[in-house]
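Presented below is the structure to which this report refers.
The values are calculated or read from the model by the stated rules, or taken from the named source; none is laboratory data. From a predicted model like this one, the values you see are computed outputs, not experimental measurements. In this analysis, Cβ positions are derived from the backbone assuming ideal geometry, glycine residues included, and neighbour counts consider all displayed protein chains.
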Amino acid sequence: MSHFEYGAHDMRGLSTPQKLDSRQGSLRALRRLLLAGSFCISGLAAAQNAAIVNNKPIPKSKLDDIVTQLVAQGRPDTPELRTAIRDSLIMQEIFLQEAEKTGVSQQAEVKRMLENQRAEILITAYLRDHLKKHPVSDADVKTEYDKLKSQQGDREFKARHILVEKEEQAKLIIEQLKKGGNFSEIAKKESKDPGSGANGGDLDWNPAGTFVKPFSDAMVKLAKGKYTEAPVQTQFGWHVIQVDDVRDASPPPLDQVKSQITQELERRKVQKLQTDLRAKAKIQ
């Protein structure tokens, strides 16, 4: 009889206590297997969660989202940063659970605040989705860039002005200038423009297209160092304009201003959507 055959016959010939010991050994092995499986499951759950607070899991994805936002702002992704965020999320969850226990979420003011926050989140998500479905194309950006270039022209003006309410006031100022008055000093005393008046009417360097048409039309006709000898009217009032200097203008390259142009075009898309939706809405 071979060794393997002997083992088989020997098993069949075991007494009852021996059989029980064998079964108990099998059960212990099964329990060890199940216990090992439970450890694997619990390890998987731990890997998917940043922490578990009073049986409430905090998803690891929540921690990862915060890290992604901070990295985008220039923070390095370090173990210390993740530990700090995890601790913050744990305390947030502890406070949240306590707040739920006290029933503050049922207070009228809290309900209003939560509803307002919900509305803000939903609107932001809706607008983001709208822009994703109707994106600003590179062609759109290029068209807008070319338009801005043509509006800017090939010159920039360093101008200053004096703004007053009435034409007669502007005429009196022009008479003072003809008699040798200092433009900057008169502007500080007389100009109603809160942005430039205190600086002697200085508007710094700008292309003509920056200003409203009556202002720019008068300004571009002036030689360096000259001022308007007749008041200029705009929707803001009456102006006396002086050109301190003129220089050639070169627009920034498209790549340098692409993001700003894209943002502006997206703003216009949202504005148009707002106008269209309001026109279709039934408002009583």
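Remarks
- Here ALA208 meets each of (1) at pLDDT 95 or above; (2) under 39 Å from the mean Cα position of the chain (by Cα); (3) surrounded by 10 or more Cβ atoms within 10 Å (Cβ to Cβ) with one exception, condition (1).
- Any chance LEU254 is in contact (Cβ under 8 Å) with a residue 12 or more places away in the chain, surrounded by fewer than 16 Cβ atoms within 10 Å (Cβ to Cβ) and of a type outside the set (S, T, N, Q): yes
- Residue within the range 181-193 that is in a loop (DSSP other than H, G, I, E, B), in contact (Cβ under 8 Å) with a residue 60 or more places away in the chain and either at negative phi or of a type in the set (S, T, N, Q) (or both) present: no
Residue by residue, here is whether (1) in contact with an Asp or Glu (Cβ under 8 Å, 6 or more places away or on another chain); (2) loosely packed, with under 13 Cβ neighbours inside 10 Å; (3) not small (Gly, Ala, Ser) holds:
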residue	(1), (2), (3)
GLN107	no, yes, yes
VAL110	no, no, yes
MET113	no, yes, yes
ALA125	no, yes, no
ARG128	no, yes, yes
LYS142	no, no, yes
LYS147	no, yes, yes
SER150	no, yes, no
GLY153	no, no, no
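- Test: residue in the range 188-205 that is under 30 Å from LEU131 (Cβ atoms) and of a type in the set (Ser, Thr, Tyr): no
- As a summary of the residue check, ILE123 satisfies the conditions (1) touching a helix residue (DSSP H, G or I) at 6+ places or on another chain (Cβ under 8 Å); (2) without any contact (Cβ under 8 Å) to a residue 24 or more places away in the chain except for the one numbered (1).
- One residue alone among ARG267, ARG247 is without any contact (Cβ under 8 Å) to a residue 12 or more places away in the chain, of a type in the set (D, E, K, R) and over 22 Å from SER191 (Cβ atoms), and that residue is ARG267.
- Residues of the range 101-119 that turn out to be closer than 25 Å to ASN54 by Cα, in a helix (DSSP H, G or I) and not basic (Lys, Arg), as a count: 6
- Set side by side, the residues PHE236, PHE215 differ, and just one is surrounded by fewer than 18 Cβ atoms within 10 Å (Cβ to Cβ), aromatic (Phe, Trp, Tyr), at pLDDT 95 or above and in contact with a strand residue (DSSP E or B) (Cβ under 8 Å, 6 or more places away or on another chain), which is PHE236.
- Hits in the range 259-276 (condition: under 13 Å from HIS130 (Cα atoms) and either under 17 Å from the mean Cα position of the chain (by Cα) or exposed (fewer than 12 other Cβ atoms within 10 Å of the Cβ) (or both)): GLU266, ARG267, ARG268, LYS269, VAL270, GLN271, LYS272, GLN274
- From LYS192, LYS158, residue being loosely packed, with under 15 Cβ neighbours inside 10 Å, at pLDDT 95 or above and under 37 Å from the mean Cα position of the chain (by Cα): LYS192
- Residues in the range 161-189 that are surrounded by fewer than 18 Cβ atoms within 10 Å (Cβ to Cβ) and within 41 Å of the chain's Cα centre (by Cα) were compared, and the one that is nearest to GLN242 (Cα to Cα) is SER184.
Quick grid of which residues meet (1) among the β-branched types (Val, Ile, Thr); (2) surrounded by 13 or more Cβ atoms within 10 Å (Cβ to Cβ); (3) at pLDDT 90 or above:
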| residue | (1), (2), (3) |
| --- | --- |
| ILE41 | yes, no, no |
| ALA45 | no, no, no |
| GLN48 | no, no, no |
| ASN54 | no, no, yes |
| VAL67 | yes, yes, yes |
| THR83 | yes, no, yes |
| GLU93 | no, yes, yes |
| LYS101 | no, no, yes |
